[in-house]
Amino acid sequence: TNFSDFSLHPMSSDAKSPVVLRSYYLLDALGTIRRAPSYALPVALNPRDSAHVIDIKENGRIAVYRGAGQSDRDCGAVRSDCIIPPQCGVFYFEVTVISRGRSGYIAIGVCGRQVALSRLPGWDRHSYGYHGDDGKCFHGSGVGSEYGPPFTTNDTIGCIVDFYRHSIAYTKNGRHLGVAFDGFSEDALYVTLGFGTEGEIVQLNFGQEPFVYDLKSYVADIR
């Protein structure tokens, strides 16, 4: 994962670990560069922490929905291989929709460890999600709030988890959509994706490839 243009600068990694361990210099709230301890960052989806209706492929970077997709009871979600460490300050990932499937019930966000994987991100406590079919954001409820545009096949959606500001924001095809959730208090959040209708397929980018969104402007604002 390369954050060299970001507020986090990787110094080393351990390729033998099931998750990547990195040592960083962090930009703290006062603008001081300091050395951070090594810790794990999400680099893939976890097939052992996934609903049975989701297939995880390509080393945890592609998710395919295999369920019936007939009702809310057919929804499923998956979490990343580890939590997003709050020490990282700001974490960013992108999801490209390979296929929206029948109805585009794709949800992108973060959630806690105890959140059920049989429901879409955002429907429960400690869960936050931006939904592709209607563009609404959800947190702790099945009723969403107006947020951004819907997303569909070939769109790339990014998620910014900001532990400095305790906010979660999204991007679409490189454009910042604004803050979706403000004031979150959880310090153990996983990347999560949810699906609900047949044919839905997405690909994740945790920094293995260049991001569509330019993080420099976001980091400059923190500075």
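Of the solvent-accessible surface of the stretch 82-223, computed with a 1.4 Å probe and all protein chains present, 47% belongs to carbon and sulfur. Solvent-accessible surface (1.4 Å probe) assigned to Glu146 amounts to roughly 150 Å².
Computed from backbone phi, the HN-Hα couplings of the stretch 117-127 come to 8, 9, 9, 6, x, x, 7, 10, 4, 6, 9 Hz, rounded to whole numbers (Karplus: 6.51 cos²θ - 1.76 cosθ + 1.60, θ = phi - 60°; Gly and Pro given as x). Under the simplified labelling scheme, the Thr152-Asp72 pair shows an inter-label distance of 2.6 nm, with each label point 7 Å from Cα along Cα→Cβ. A viscosity of 1.002 mPa s and a temperature of 20 °C, combined with the Kirkwood radius over Cα pairs in Stokes-Einstein, give a translational diffusion coefficient for the stretch 72-137 of 165 µm²/s.
Each principal axis of the stretch 183-223 carries a Cα extent, and these read 43, 29, 16 Å when sorted largest first.
Taking each residue as 0.36 nm, the span from His166 to Ala220 lengthens on full extension beyond its C-alpha to C-alpha distance by 17.7 nm. With the simple spin-label model, which puts each label point 7 Å out from Cα in the Cβ direction, the Asn59 to Tyr39 separation comes to 2.5 nm. To the nearest Å, what is the center-to-center distance of the stretch 91-120 and the stretch 156-193, using C-alpha atoms only? Going from one Cα centre to the other spans 13 Å.
Placing pseudo-labels 7 Å out from each Cα toward the beta carbon at Asp187 and Val143 gives an inter-label distance of 3.3 nm.
The values are calculated or read from the model by the stated rules, or taken from the named source; none is laboratory data. The shown structure was predicted, so the numbers you read here are calculated from the model rather than taken from an experiment. Note that we place each Cβ from the backbone using ideal geometry, even for glycine, and neighbour counts take in every protein chain shown. Remember, those area values only see protein heavy atoms, side chains included, never the ligands or the DNA or RNA. Shrake-Rupley method; radii C 1.70, N 1.55, O 1.52, S 1.80 Å.
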